[in-house]
Amino acid sequence: MTGYAASLRRLIRTTGPVPVARYMAESNAHYYATRDPLGRNPSGRGGDFTTAPEISQMFGEMLGLWLADHWQKAGVPRDIAYVELGPGRGTLAADALRAMGAASLDPEIHFVEASPVLRKAQERATPGAAFHEDLTSLPEDRPLLIVANEYFDALPVRQLVRTDQGWRERMVGLEDDRLVPVAGAQAMDSALPKERRDAPTGTIIETAPAQVAQMRELAQRLAKQGGAALVLDYGYARPHTGSTLQAVRAHEKVDPFAHPGEADLTAHVDFLALADTAIAAQAQVLGIATQGDLLRAIGIERRAEALKQAAPARADEIATALERLVSTDQMGTLFKALLIAGAGWGD
Ligand code: SAH
């Protein structure tokens, strides 16, 4: 057992269950601080999961073109910052910045990244970036072009569960030395609006206060400083109930409570909640699109053709990557994008 898993068990044994949100926050902090989850060995295997920018350069290029287009709509202002939240291996940033450069956009680079291991990888892929622990220290004197891919899903969700005694916070407790979800001791009925309280025993309601807080900060900055943002993640664009907490390890789904700090914990992103938050903070929501529709609208199919012509030996590989990014049975529909802009940066 790792030191983190042992100390978490000790904490629960001595002080009682911890909220799911705290479990998710601390387990992910340990997870990302101690490894590169996207890392692959030369045979292409290894790591825990693969993300869109690691599938093909086309993904980052398309996002870069979208940002450059909005910069042009705003009249090509000077002194811009490219901001990426949770940049992983830095691959998306390198591809997006290359595409922006072709459009004569050459922004300052700012990364919000907590993991020292991933900061090293990002520095190699995209030299010259300034690193930030959180959003508060991002520049305030210029428009921001913001990208977050599979970042919001890693932020902690809070869960409430309906028991026979009413609503309780969903916690993580111990059963024979195994971590298991349990209901907290305190009544939480008044934490829910009246119309949501009546639900069958076992119903789980998930909220994401950390996602909302970070979206509010981004949207306020876009409203004040100008700029545009693309937030991509898997998630839903309609109201839902139930837990979406999941864990992935070595490319397999595993029990979210079985490997604390050793598996990637995520929750589906509630795009309607993020869009409402952005609107309330005076930013323009340009839309919510599926990843497939967004990438096709920017021109990924044309880009794939050009890449195939330049490297005919790689044509099959490029076609497979395109399929993975846009088709409905792969990432095209489950993954969605929220498109936001400051005043004068929209359509
Ligand atoms: N965007 C990348 C990586 C996604 S993995 C890609 O598409 O490949 C999630 C990323 O978010 C990692 O870089 C991780 O270290 C970072 N991250 C997760 N939680 C974070 C937090 N609370 N603060 C800052 N970075 C965080």
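The values are calculated or read from the model by the stated rules, or taken from the named source; none is laboratory data. Just so you know, these numbers come straight off a predicted model, no measurement behind them. Please note: Cβ atoms are built from the backbone with ideal geometry, for glycine as well, and neighbour counts cover all protein chains shown. Keep in mind that these areas ignore ligands, DNA and RNA; they rest on the heavy atoms of the full protein, side chains included. Shrake-Rupley method; radii C 1.70, N 1.55, O 1.52, S 1.80 Å.
Among the residues that make up segment 80-97, is at least one of them outside any helix (DSSP H, G or I) and away from the ligand (no atom under 16 Å from the Cβ)? Yes - at least one qualifying residue is present in segment 80-97. Checked against (1) touching a strand residue (DSSP E or B) at 6+ places or on another chain (Cβ under 7 Å); (2) part of a helix (DSSP H, G or I), residue 59 passes all but a single condition, namely (1).
Can you tell me which residue is nearest to the ligand (Cβ to nearest atom) among those in segment 13-25 that are assigned to a helix (DSSP H, G or I) and open to solvent by less than 10 Å² (accessible area, probe 1.4 Å)?
Of segment 13-25, the ones assigned to a helix (DSSP H, G or I) are 13-15, 20-25.
After this cut, where a residue has to be open to solvent by less than 10 Å² (accessible area, probe 1.4 Å) as well, the list is 20, 23-24.
On the way: 20: 16, 23: 14, 24: 10 Å.
Taking the candidates together, the pick is 24.
To keep it simple, each residue is scored yes or no on (1) in contact with a Leu (Cβ under 9 Å, 6 or more places away or on another chain); (2) of a type in the set (Ser, Thr, Tyr); (3) farther than 21 Å from residue 334 by Cα; (4) open to solvent by 20 Å² or more (accessible area, probe 1.4 Å).
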| residue | (1), (2), (3), (4) |
| --- | --- |
| 166 | no, no, yes, no |
| 170 | yes, no, yes, yes |
| 173 | yes, no, yes, no |
| 186 | no, no, yes, yes |
| 200 | no, no, yes, yes |
| 204 | yes, no, yes, yes |
| 221 | yes, no, yes, no |
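When every residue of segment 323-343 is checked against the conditions, at least one turns out to be open to solvent by 80 Å² or more (accessible area, probe 1.4 Å), modelled with pLDDT under 95 and hydrophobic (A, V, I, L, M, F, W, C). Of all the numbered requirements in (1) farther than 23 Å from residue 156 by Cβ; (2) in contact (Cβ under 8 Å) with a residue 40 or more places away in the chain; (3) away from the ligand (no atom under 16 Å from the Cβ), residue 76 misses one, and that requirement is (2).
Kindly evaluate residue 228 against the criterion of being touching a residue at least 60 places away in the same chain (Cβ under 8 Å) and surrounded by fewer than 16 Cβ atoms within 10 Å (Cβ to Cβ). Spell out how you get there, then give the answer.
Values: touching a residue at least 60 places away in the same chain (Cβ under 8 Å): yes; surrounded by fewer than 16 Cβ atoms within 10 Å (Cβ to Cβ): no.
When the stated conditions are applied, residue 228 does not pass them.
Checked across segment 46-61, the condition of being more than 13 Å from the ligand (Cβ to nearest atom), open to solvent by 10 Å² or more (accessible area, probe 1.4 Å), closer than 29 Å to residue 255 by Cα and without any contact (Cβ under 8 Å) to a residue 60 or more places away in the chain holds for at least one residue.
Only residues that are open to solvent by less than 10 Å² (accessible area, probe 1.4 Å), out of contact with any Ser or Thr (no Cβ under 6 Å at 6 or more places or on another chain) and within 14 Å of the ligand (Cβ to nearest atom): list them for segment 136-159, please. Answer for segment 136-159, where residues must be open to solvent by less than 10 Å² (accessible area, probe 1.4 Å), out of contact with any Ser or Thr (no Cβ under 6 Å at 6 or more places or on another chain) and within 14 Å of the ligand (Cβ to nearest atom): 138, 146, 147, 148, 152, 157. Within segment 206-219, the set of residues being among the polar types (S, T, N, Q) and open to solvent by 50 Å² or more (accessible area, probe 1.4 Å) comprises just one member, 207. Of 294, 286, 307, all but one fail to be crowded, with 22+ Cβ neighbours inside 10 Å and either modelled with pLDDT of 95 or more or outside any strand (DSSP E or B) (or both); the exception is 294. Based on this model, can you work out whether residue 272 counts as more than 17 Å from residue 221 (Cβ to Cβ) and out of contact with any helix residue (DSSP H, G or I) (no Cβ under 7 Å at 6 or more places or on another chain)? Yes: the conditions hold for residue 272.
Restricting attention to segment 236-250, which residues are open to solvent by less than 60 Å² (accessible area, probe 1.4 Å) and out of contact with any helix residue (DSSP H, G or I) (no Cβ under 6 Å at 6 or more places or on another chain)? It would help to see each step written out before you state the result.
The first filter runs over segment 236-250 and keeps only residues open to solvent by less than 60 Å² (accessible area, probe 1.4 Å), leaving 236-237, 240, 242-248, 250.
Residues satisfying the conditions are 236, 240, 242, 243, 244, 245, 246, 247, 248, 250.
The residues in segment 98-118 that are surrounded by 20 or more Cβ atoms within 10 Å (Cβ to Cβ), within 13 Å of the ligand (Cβ to nearest atom) and either more than 18 Å from the chain's Cα centre (by Cα) or among the β-branched types (Val, Ile, Thr) (or both) can be counted, and the count is 1. Looking only at segment 251-284, which residues are under 20 Å from residue 4 (Cβ atoms) and touching a Lys or Arg at 6+ places or on another chain (Cβ under 9 Å)? 257, 258, 259, 260, 262, 263, 264, listed by residue number.
Taking segment 122-137 as the range and being of a type in the set (A, V, I, L, M) and more than 18 Å from the chain's Cα centre (by Cα) as the test, the residues that pass are 125, 129, 130.
For segment 26-43, what are the residues that are surrounded by fewer than 18 Cβ atoms within 10 Å (Cβ to Cβ) and either farther than 24 Å from residue 330 by Cβ or away from the ligand (no atom under 16 Å from the Cβ) (or both)? Scanning segment 26-43 gives 29, 33, 34, 35, 41, 42, 43.
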